[in-house]
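Enquirer: Just dropping this structure here.
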Amino acid sequence: MNMPQRKLPEIAPITPQDYEKFFEFFYRKTGIVFTDKKAYFVERRLVERIQATGCETFREYFAIVRFQSSGDEWQQLVNSMTVNETYFFREDYQFDAMVQGMLPEITRDRRKGSAVRIWSTPCSTGEEPYSIAIHLLENWKRADDFDIEIHASDIDTRVVAQARRGIYGHRSLQRLSATLRSKYFTALGDDQFRIREELRDSIDFDVANIVDPANMTRFRGMDVIFCRNLLIYFDDVSRRESVELLYECLNPGGFICLGHSESMARISSLFRPRKFADTIVYQKVGSGA
Amino acid sequence: MLVRARKTVECAQEPSGSDPARDLVSGADAATRRRAAQHLRDKPEHIGLLCERLGEESDASVRAAILTSLVRMKSPAVAAGLVGHLRSENAALRSEVKEALQDMPDDVQPVLERLLGDPDNDVRIFVANILSTLAHPRAPKLLARLIARDPHVNVCMAALDGLMEIGDASMTAAIAELPRRFPEPFVAFAATAALNRLKG
């Protein structure tokens with residue numbers, strides 16, 4: 001990626017070599033690859049973090065990111081570099097597929113009262129996991145037969161905190177009917193709505209990096225994983241690695257839902273494409289737990 | 001009904017004292033062998049072992065982990081170790097290896113170039129398949145070389161398939177020659193289709 005050498009008022013110029021070093025480090029830790037299209041975005045965010053920490057050079061800042069024992073600045077940097085634009089009931093045809101196809105198949109031979117585990121990652125500010133919960137309560141006839149656990153995780157601590165708070169503006173809610181809004185939200189005024197406490201309390205929000213095997217051991221035994229619009233930011237090797245880790249997190253016969261522009265075909269042959277309710281999802285084949 | 005998820009404890013990936021190289025060979029279950037393969041991801045000294053196990057391993061998820069580790073450590077040694085599996089009788093393994101090799105274009109290109117002269121027709125067909133989607137600037141030239149020189153019609157047809165996608169007008173002479181070398185009607189048909197496409 002070619003970065004212009006640019007004089008900034010407060011800090012020394014960041015050289016193309018510095019950027020190269022930064023991209024390599026960020027990639028190794030997160031699997032995320034920045035393309036040329038993102039050059040300006042990355043530069044702006046990086047300069048902001050350098051300034052926020054009071055550093056005068058990239059080198060000084062980079063030392064903090066790499067060696068700070070608390071890891072706080074690394075987390076701040078991740079938070080600023082990740083994109084978190086979403087809304088309720090986005091790509092909801094996959095939720096139809098979940099209640100019409102995936103869950104009936106998964107629970108066919110499961111006894112009443114047993115657990116069904118669903119994981120939303122990256123969950124961003126919580127719209128996806130809350131949408132899953134609402135969709136299940138509204139549309140899955142057997143929802144009361146099982147203990148449904150919804151797990152939600154993101155690499156960005158800031159969005160996870162926002163998700164736990166469960167407060168949203170009108171824009172996030174625009175695809176929700178008035179009935180659902182009044183049933184699951186409390187109006188706070190100022191065009192703000194808070195999701196009801198029962199729903200907030202039923203979802204387990206957590207910070208996790210899906211390319212970190214140690215992080216992923218927390219999410220074993222899943223029946224359905226929503227991992228939408230994340231793998232597109234990874235390069236081929238990181239995609240392979242993260243899909244392998246997701247494979248380990250799924251129960252045999254479990255499903256992964258990817259974003260509408262993503263496909264498992266070039267990443268892994270360990271999943272079988274299945275068509276439910278006008279969408280393709282991917283089922284774990286084999287018994288490998 | 002919705003219930004609060006039970007918190008699980010983040011556990012270490014492997015008990016201390018375990019030996020991934022040993023587990024990869026003799027781990028009792030697929031999960032153990034898979035994790036062993038993942039632990040060897042940054043250990044180039046085990047490239048030989050990983051390549052060898054690939055041919056022995058019956059579980060697809062373990063083979064996938066082995067291949068991911070090898071792609072992560074991509075090098076001429078990895079490419080050389082992997083191409084041996086193109087001779088395998090196991091079609092699934094061959095196909096997995098082809099996909100992995102496509103993820104290491106710079107390392108595999110010289111190895112594929114050498115295999116253009118392999119005595120096994122099937123191997124040369126696989127080479128043509130890999131070159132067809134390899135992100136390497138020499139891939140079209142190597143396919144054109146197969147079309148110009150390879151004595152087996154199926155190898156030439158596999159190369160022609162690739163050239164239809166990635167070839168250019170400079171390769172039309174070799175393609176036009178194909179029906180004379182192989183007088184079967186389908187060769188003439190395929191060559192004409194390719195020429196029309198490449199000449200625009």
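We did not get these values from a lab; they are worked out from the coordinates using the rules stated. In this text, all values refer to a predicted model and were calculated from it rather than measured experimentally. Because the Cβ atoms are built from the backbone with ideal geometry, glycine has one as well, and the counts that use them run over all protein chains shown.
Enquirer: Among A:ILE210, A:ILE64, A:ILE134, whose mean-square fluctuation peaks in a Gaussian network model of chain A (Cα, cutoff 10 Å)?
Expert: Of the options given, A:ILE64 has the highest mean-square fluctuation.
Enquirer: Sticking with this structure for a sec: Using a Cα-Cα cut-off of under 14 Å, which aspartates and glutamates could be cross-linked to A:LYS141, ignoring same-chain neighbours fewer than 8 residues away?
Expert: A:LYS141 reaches A:ASP96, A:GLU105.
Enquirer: With no solvent and one equal point scatterer placed on each C-alpha of segment A:16-81, evaluate the Debye formula and give log10 I(q)/I(0) for q = 0.21, 0.22, 0.26 Å⁻¹, two decimals.
Expert: -0.87, -0.97, -1.42
Enquirer: Which value in deg cm²/dmol, rounded to the nearest 500, describes the helix-derived mean residue ellipticity at 222 nm for chain A, given -39,500 (n - 2.57) per DSSP H run of n ≥ 4 and division by the residue count?
Expert: -11000 deg cm²/dmol
Enquirer: In the neighborhood of A:ASN229, defined by Cβ-to-Cβ distances under 12 Å, what is the net charge if each Lys or Arg adds +1 and each Asp or Glu adds -1?
Expert: My count for the surroundings of A:ASN229 gives -2.
Enquirer: In debye, nearest 20: dipole of the protein assembly as shown around its Cα centre with unit charges on the Cβ of K, R (+) and D, E (-)?
Expert: So the dipole magnitude of the protein assembly as shown works out to roughly 500 debye.
Enquirer: Another question, then. Using a 10 angstrom cutoff on alpha carbons, build the Gaussian network for chain B and name the most mobile of B:GLU96, B:GLU56, B:GLU165.
Expert: It is B:GLU56.
Enquirer: Which lysines does A:LYS21 reach when only Cα atoms under 23 Å apart count, and residues fewer than 8 places away in its own chain are ignored?
Expert: A:LYS7, A:LYS29, A:LYS37, A:LYS38, B:LYS43, B:LYS74
Enquirer: Cross-link candidates for B:LYS199: which lysines have Cα within less than 21 Å, leaving aside residues fewer than 8 places away along the same chain?
Expert: Reachable lysines: B:LYS141.
Enquirer: If you average 1/r over all unlike Cα pairs in segment A:93-284 and invert the result, what Kirkwood radius do you get in angstrom?
Expert: With all distinct Cα pairs of segment A:93-284 included, I get 17.1 Å.
Enquirer: Further question on the same structure: Go through A:LEU176, A:PHE25, A:MET216 and say which Cα lies farthest out towards the positive end of the charge dipole of the protein assembly as shown; charges sit on Cβ, +1 for Lys and Arg, -1 for Asp and Glu.
Expert: Of the options given, the answer is A:LEU176.
Enquirer: Can you check what the net charge comes to around B:ALA188, using other residues whose Cβ is under 13 Å from the Cβ of B:ALA188 (Lys, Arg +1; Asp, Glu -1)?
Expert: 0
Enquirer: Something else now. Could you pull out every residue, at least 5 positions away or on a different chain, whose amide H is within less than 5 Å of the one on A:ASP147? Hs are placed 1.01 Å off N in the peptide plane, and Pro or chain starts have none.
Expert: Amide H neighbours of A:ASP147: A:GLY113, A:SER114, A:ALA115, A:VAL116.
Enquirer: Rounded to two decimals, what is Rg over Rh for the protein assembly as shown when you use alpha-carbon atoms and the Kirkwood radius?
Expert: Rg/Rh for the protein assembly as shown comes to 1.02.
Enquirer: Further, regarding this structure: Kindly work out what percent of the DSSP beta bridges joining two residues of segment A:137-289 are antiparallel, to the nearest 5.
Expert: 60 percent
Enquirer: Could you check which residue among B:ASP19, B:ASP107, B:ASP168 shows the biggest mean-square fluctuation in a GNM of chain B with a 10 Å Cα cutoff?
Expert: Comparing B:ASP19, B:ASP107, B:ASP168 in the GNM, the peak value goes to B:ASP19.
Enquirer: Return the calculated 222 nm mean residue ellipticity for chain B, to the nearest 500 deg cm²/dmol, obtained by summing -39500 (n - 2.57) across DSSP H runs with n ≥ 4 and dividing by the residue count.
Expert: My calculation for chain B gives -20000 deg cm²/dmol from helical runs alone.
Enquirer: Now for a different question. Could you put B:ARG197, A:ARG108 in order, starting from the residue whose Cβ has the fewest other Cβ atoms within 10 Å?
Expert: Lowest to highest Cβ neighbour count: A:ARG108, B:ARG197.
Enquirer: Roughly how crowded by other chains is peptide B:59-65, in terms of the mean Cβ count from those chains within 10 Å of each of its Cβ atoms?
Expert: 6
Enquirer: Taking Cα atoms, how many degrees apart are the long axis of helix B:105-115 and the longest axis of chain B, rounded to 10 and kept between 0 and 90?
Expert: Once rounded, one gets 60 degrees.
Enquirer: Moving on to the next point. In Å, the Kirkwood hydrodynamic radius of segment B:108-200 over pairs of distinct alpha carbons?
Expert: 12.8 Å
Enquirer: Near A:SER124, within a Cβ-to-Cβ distance under 12 Å, what is the net charge of the other residues, with Lys and Arg +1 and Asp and Glu -1?
Expert: Neighbourhood net charge equals -2.
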